[in-house]
Amino acid sequence: QVRLVESGGGSVQTGDSLTLSCSVSGFVYMMGWFRQIPVKEREFVAAIGWVVPKTYYSASVEDRFTISRNNASTTVYLQMNNLQPEETAIYYCAARTRPGSYNDRRDYDDWGQGIQVTVSS
């Protein structure tokens, strides 16, 4: 089982930037970020391959968010620019330990506890 711990959430204003971090312990194949607001399904935000760091983004964030990892492969980051109020949500990092779909939450095996991001207008 992969242990994941998110940090870096908080409250910002519209148009601000915020960077989330997720410490990773254990073997992973791919890391992803998802977000969820009440009464909606958890949605894919971004993913990165762990051995070969190819990145993937949802259409709504691909020109504003950047997913990356450190060289030691112990932390994954999500840099979020120009945040909007509708992006207020709990953000989760997730680990996939086997091949699968990068944007399907059902293909991720382990999840962090989630961290709140609030964007005020």
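As a summary of the residue check, Ala89 satisfies the conditions (1) within 11 Å of the chain's Cα centre (by Cα); (2) closer than 24 Å to Asp107 by Cβ except for the one numbered (1).
Residue count for the range 97-116, restricted to those that are open to solvent by 40 Å² or more (accessible area, probe 1.4 Å) and assigned to a strand (DSSP E or B): 2.
Scanning the range 21-42 for residues that are assigned to a loop (DSSP other than H, G, I, E, B), over 13 Å from Ala89 (Cα atoms) and of a type in the set (A, V, I, L, M, F, W, C) yields a count of 2. Within the range 1-24, residues that are closer than 18 Å to Ala47 by Cα have Cβ atoms under 7 Å from residues that are open to solvent by less than 20 Å² (accessible area, probe 1.4 Å) and in a loop (DSSP other than H, G, I, E, B) in these pairs: Val2/Val28; Leu4/Gly112; Val5/Gly112; Glu6/Gly112; Glu6/Gly114; Leu18/Leu83; Cys22/Gly112; Val24/Val2, counting only partners at least 6 apart in sequence or on another chain. Only residues that are closer than 13 Å to Thr118 by Cβ, hydroxyl-bearing (Ser, Thr, Tyr) and in a strand (DSSP E or B) were counted in the range 6-20, giving 1.
When Tyr77 is tested against (1) closer than 25 Å to Gln13 by Cβ; (2) in a loop (DSSP other than H, G, I, E, B), exactly one condition is not met: (2). Taken over the range 39-84, the residue count meeting the criterion of being under 17 Å from Trp111 (Cα atoms), in contact (Cβ under 8 Å) with a residue 24 or more places away in the chain, open to solvent by less than 40 Å² (accessible area, probe 1.4 Å) and not polar (S, T, N, Q) is 8.
If only residues of the range 85-96 that are in contact (Cβ under 8 Å) with a residue 40 or more places away in the chain and not small (Gly, Ala, Ser) are counted, the one that is surrounded by the fewest Cβ atoms within 10 Å (Cβ to Cβ) is Pro85.
Restricted to the range 24-38, and to residues that are open to solvent by less than 50 Å² (accessible area, probe 1.4 Å) and in contact with a Phe, Trp or Tyr (Cβ under 7 Å, 6 or more places away or on another chain), which residue is nearest to Arg3 (Cα to Cα)? Filtering the range 24-38 for residues that are open to solvent by less than 50 Å² (accessible area, probe 1.4 Å) and in contact with a Phe, Trp or Tyr (Cβ under 7 Å, 6 or more places away or on another chain), the one nearest to Arg3 (Cα to Cα) comes out as Val28.
The values are calculated or read from the model by the stated rules, or taken from the named source; none is laboratory data. A quick note: this is a predicted structure, and the numbers were derived from the prediction, not measured. Please note: Cβ atoms are built from the backbone with ideal geometry, for glycine as well, and neighbour counts cover all protein chains shown. Ligands, DNA and RNA are stripped out before the accessible areas are found, and what is left, the full protein with its side chains, is counted by its heavy atoms. Shrake-Rupley method; radii C 1.70, N 1.55, O 1.52, S 1.80 Å.
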